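Below is one structure, written out as structure tokens, with a few remarks after it.
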Amino acid sequence: MKVRPGDRVGDPAAGRPAATRSMFAPLGDRGFRRYYLGQTASAFGDSLTPLAIAFAVLHLTASPVDLGIVVLSTRLPVILLTLLGGAVGDRFSRRTVMLLADLTRFVAHGTTAVLLLTGTAHLWMLVALQLVAGAGSAFFSPAAIGLVASLAGKEHLQAANSLISLSRSAASMVALGTAGALVALVGPGWAILIDALTFLVSMAFLYRLPTENRFSAEDAVPRKGGLLAGIGGGITEVSRHPWLWIWIVHVAFTNAIVVSPIMVLGPYVADRQLGGAPAWSAIGIAYAVGGLAGGFVGARWRPARPMVAALLFFLLMAPLPALLAIPAEVWLLALAGVGAGMQVVVYNVLQTTAIQRNLPERFVARATSVTMLGALVAAPLGTGLAGPAAAWAGTRPVLVAGAAVAVLITAVTLLAPSVWRVRAGDA
């Protein structure tokens with residue numbers, strides 16, 4: 001094989017046609033293509049359930065407090081079990097872990113659907129089943145990040161993560177309209193049943209994946225101790241990378257102070273001052289459109305310093321709370337929603353790729369679980385505090401504070417030298 005001037009020795013991409021290095025290059029791998037198709041179906045189902053379960057609870061009890069309990073029951077297991085899920089995903093076959101997690105969620109959502117369709121559901125049943133489904137998610141997500149690294153290969157990681165984000169955004173847009181129609185015409189039970197069936201589709205594609213990870217040399221390192229030791233090893237590995245724990249702190253603070261208040265106060269502002277649900281729906285659709293655009297940007301853009309690029313992109317979140325505080329016209333808020341949706345996808349793609357590329361493959365699931373925990377703990381905290389803060393200080397000051405914090409904490413984070421030392425070519 002001839003090495004041309006400018007090619008890197010040992011670079012798997014050297015000498016390949018430009019098409020193979022495009023955003024669709026990961027789909028050329030049969031294993032990744034199977035995973036991608038299964039997860040696209042599952043993402044569609046996942047986007048059906050939140051709206052369906054919300055109306056199911058409201059039909060049962062008409063209580064927003066009960067709805068809050070059910071929503072919390074989906075998130076609590078993920079918060080409590082995500083570190084364990086990361087340790088399991090790094091110790092055992094990720095494919096097997098994900099298959100069992102999908103089976104768990106199929107049983108939970110399928111049972112929920114049957115209870116609703118037969119009219120035998122009670123609130124405590126929905127809470128218990130959502131706890132089970134949340135536990136499945138806690139084990140699935142960290143293992144999935146590690147599996148993508150094995151399937152796509154280091155040279156295609158960013159494109160692979162972008163394609164997954166694209167499919168999730170597109171599936172979410174279609175599912176939101178589908179869920180509303182299903183709930184209105186035939187009831188929430190049918191929407192949740194479709195979600196349950198998509199887990200079977202995901203399992204069918206996962207079952208056909210190879211059992212071996214591509215980076216088997218790193219997996220061959222002996223693993224000492226039990227799962228608790230594995231969790232400790234993951235936390236230790238994260239602490240060895242200052243850029244990563246700084247990133248986790250940034251995610252936690254911005255989720256609590258910037259993002260969560262928008263989720264709580266945005267619908268309130270839309271209901272009181274913008275004409276109600278249609279205005280907030282328009283902003284939500286614009287957010288999803290921004291997510292699609294972010295997927296294309298993430299697939300094609302290769303910033304030399306990915307962490308710096310992700311943080312600068314995060315600044316696109318600031319206009320949305322600032323404009324909600326006024327509040328601005330719906331079309332301006334929709335434009336801000338496009339920017340917010342774009343930044344969250346680019347930010348997540350660059351963060352996920354940096355973890356997959358810069359940490360040993362045997363630590364990827366555990367490092368992902370630590371990152372998830374920082375975000376998951378902060379989000380409910382911010383959601384719970386946003387309402388009381390608005391009642392005490394007013395909606396406008398809380399939203400303005402969120403916009404200001406988005407800029408200030410990002411500027412402070414960019415002052416850290418380790419942020420600038422993370423480069424796209426590092427491994």
Extreme residue, nearest to Tyr35 (Cα to Cα), among residues of the range 95-133 that are without any contact (Cβ under 8 Å) to a residue 60 or more places away in the chain and outside any helix (DSSP H, G or I):
Thr118
Restricting the first residue to the range 134-153 and requiring it to be touching a residue at least 60 places away in the same chain (Cβ under 8 Å) and open to solvent by less than 10 Å² (accessible area, probe 1.4 Å), which pairs with a second residue that is part of a helix (DSSP H, G or I) and among the β-branched types (Val, Ile, Thr) meet a Cβ separation below 6 Å and a spacing of at least six or different chains?
Gly134/Thr74; Gly134/Val78; Ala138/Val78; Ala138/Thr82; Pro142/Thr368; Ala143/Val97; Gly146/Val364; Ala149/Val364
Odd one out for Leu316, checked against (1) within 22 Å of the chain's Cα centre (by Cα); (2) open to solvent by 30 Å² or more (accessible area, probe 1.4 Å); (3) farther than 23 Å from Leu274 by Cα:
(3)
Which of the following residues is assigned to a helix (DSSP H, G or I), in contact with a Leu (Cβ under 7 Å, 6 or more places away or on another chain) and more than 20 Å from Gln351 (Cα to Cα): Leu399, Leu381?
Leu399
Within the range 351-373, which residues are of a type in the set (Gly, Ala, Ser) and over 10 Å from Val238 (Cβ atoms)?
Ala354, Ala365
Among Pro327, Pro278, the single one that is crowded, with 18+ Cβ neighbours inside 10 Å and of a type outside the set (D, E, K, R) is Pro327
Pairs under 6 Å by beta carbon, first residue within 16 Å of Leu324 (Cβ to Cβ) in the range 391-418, partner open to solvent by 50 Å² or more (accessible area, probe 1.4 Å), six or more apart or different chains?
Gly402/Ile257; Val405/Ile257
Breaking point among (1) modelled with pLDDT under 85; (2) basic (Lys, Arg); (3) surrounded by fewer than 17 Cβ atoms within 10 Å (Cβ to Cβ), for Arg94
(3)
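The values are calculated or read from the model by the stated rules, or taken from the named source; none is laboratory data. This is a predicted model, so every value here is computed, not measured. Note: ideal-geometry Cβ built from the backbone for every residue, glycine included; neighbour counts use all protein chains shown. In case anyone asks, the SASA skips ligands and DNA or RNA and just uses the protein heavy atoms, side chains included. Shrake-Rupley method; radii C 1.70, N 1.55, O 1.52, S 1.80 Å.
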